[in-house]
Amino acid sequence: MDEKERYEKGLEIRRAVLGKDYVVRAQANTSAFNSAFQEFITRYAWGEIWDRAGLTRKERSLITIAILVALNRENEFRMHVRAAVRNGVTIEELRELFLQAGIYCGLPAANAAFHAAEEIIKETKDQSPTS
C-alpha cells in the first residue's frame, strides 16, 4: 500500500471510529501549521495501526482509553470514549476499565475518568432518537 492509499484507508477508519462529523470538523481546522501532523496521524495512527488485524476496534478502543487515563489526556479521552461506544464498548466494560485503572493509574485518574465518561454517556443518551 502506498502513502496515498494508506491515507485514504486511514481517513475511512477515522470516520468510522470517530464519526464523520468529528473528522469533518478536524479537517476544517487544518491549517498550514498543522496539516502535516493531520496527514501523519491519518496515515499512521488510523491507516496503519487501527487497520491492523491483530486486535478488534473494540479492543483498540479499550486499550487507547486505558492509556489516555494513565496519561491524563482528557480531550483525547473524551473523544475516544465516544468512539469506544461506537465500536461496541459497553458501559459495564468502561466501568471495569476505570476500576482497573484506579489500581494501576491511581484513584485520581480513575475518578476523573468516571466523571468525564459519565458526562459523555449522558450526552450520548440525550442525543439518541429514543430520548
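The values are calculated or read from the model by the stated rules, or taken from the named source; none is laboratory data. Computed from a predicted model, the values in this text were never measured in an experiment. Neighbour counts are summed over all protein chains in view; Cβ atoms, including those assigned to glycine, are modelled from backbone coordinates with ideal geometry.
So the values come out like this:
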read-out: Among the candidates Ala83, Ala66, Ala45, Ala117, residue that is touching a residue at least 12 places away in the same chain (Cβ under 8 Å), within 17 Å of the chain's Cα centre (by Cα) and surrounded by fewer than 17 Cβ atoms within 10 Å (Cβ to Cβ); value: Ala45
read-out: Residue check, Ala45 at pLDDT 95 or above, over 30 Å from Ala110 (Cα atoms) and either in contact with a Pro (Cβ under 8 Å, 6 or more places away or on another chain) or not in a loop (DSSP other than H, G, I, E, B) (or both); value: no
read-out: Subset of region 1-12 [in contact with a Lys or Arg (Cβ under 8 Å, 6 or more places away or on another chain) and assigned to a helix (DSSP H, G or I)]; value: Glu3, Arg6, Tyr7, Gly10
read-out: Test for Ala83: is it over 16 Å from Val17 (Cα atoms) and either of a type in the set (A, V, I, L, M, F, W, C) or in the same structural domain as Arg14 (by TED's automatic domain parsing) (or both); value: no
read-out: Lone unmet requirement of (1) surrounded by fewer than 12 Cβ atoms within 10 Å (Cβ to Cβ); (2) part of a helix (DSSP H, G or I); (3) not small (Gly, Ala, Ser) for Val23; value: (1)
read-out: Matching entry among Arg78, Arg57 (being touching a residue at least 24 places away in the same chain (Cβ under 8 Å), among the basic types (Lys, Arg), surrounded by 15 or more Cβ atoms within 10 Å (Cβ to Cβ) and closer than 23 Å to Asp126 by Cβ); value: Arg78
